[in-house]
Amino acid sequence: MKTIDWTKDELVAYILLFAANADFKESAKERELIISKVDKQTFQEIHEEFDADNDYQGLKKIMISLEQHQYTKEDVDLLMEDIKALFFVDDDFDITEQNMLKSLNRLFKIA
């Protein structure tokens, strides 16, 4: 897996889906928030790809795509704000989501 042919919107959709599924359930409010960031067709197409990937494949795709799109520290900070908003949208910021937030924060600092 050398390159990923995602637009920035597709990358954002995938990352937010990855985060939304941290607690193994994707709420309607989380889906609505993701669709507010990208169009519905992008969401549906990326969701199909997300559903077919395991965690390792997903993380690998995210890291490759972040690098390809040359995300800066500021871009990553904005992305982390979107992820935080996603975690709080359903008023249930549980321990798995807290751990996912910490992990993604550390991972994105590497990118």
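The values are calculated or read from the model by the stated rules, or taken from the named source; none is laboratory data. A quick note: this is a predicted structure, and the numbers were derived from the prediction, not measured. All Cβ positions, glycine included, derive from the backbone under ideal geometry; neighbour counts span all protein chains shown.
So that you can scan it fast, the table gives a plain yes or no per residue for (1) more than 20 Å from ILE4 (Cβ to Cβ); (2) touching a residue at least 12 places away in the same chain (Cβ under 8 Å); (3) surrounded by 15 or more Cβ atoms within 10 Å (Cβ to Cβ):
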site	(1), (2), (3)
LEU66	no, yes, yes
HIS69	no, yes, yes
LYS73	yes, no, no
ILE110	no, yes, no
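Of everything listed in (1) crowded, with 19+ Cβ neighbours inside 10 Å; (2) assigned to a helix (DSSP H, G or I); (3) small (Gly, Ala, Ser), the single unmet condition for ALA22 is (2).
Tell me whether segment 90-98 contains one or more residues that are among the β-branched types (Val, Ile, Thr), crowded, with 16+ Cβ neighbours inside 10 Å and assigned to a helix (DSSP H, G or I).
Initial filter on segment 90-98 (among the β-branched types (Val, Ile, Thr)): 95-96.
This time we only want the ones that are crowded, with 16+ Cβ neighbours inside 10 Å, so: none.
No, segment 90-98 has no match at all.
Check off (1) under 17 Å from LYS8 (Cα atoms); (2) in a helix (DSSP H, G or I) for TYR56 and give me the number that stays unchecked. The number of the failed condition is (1).
Contact map, segment 21-40: residues that are of a type in the set (S, T, N, Q) paired with residues that are modelled with pLDDT under 95 and surrounded by 12 or more Cβ atoms within 10 Å (Cβ to Cβ), Cβ distance under 6 Å, separation 6+ or inter-chain. Pairs shown: SER27/ASP90.
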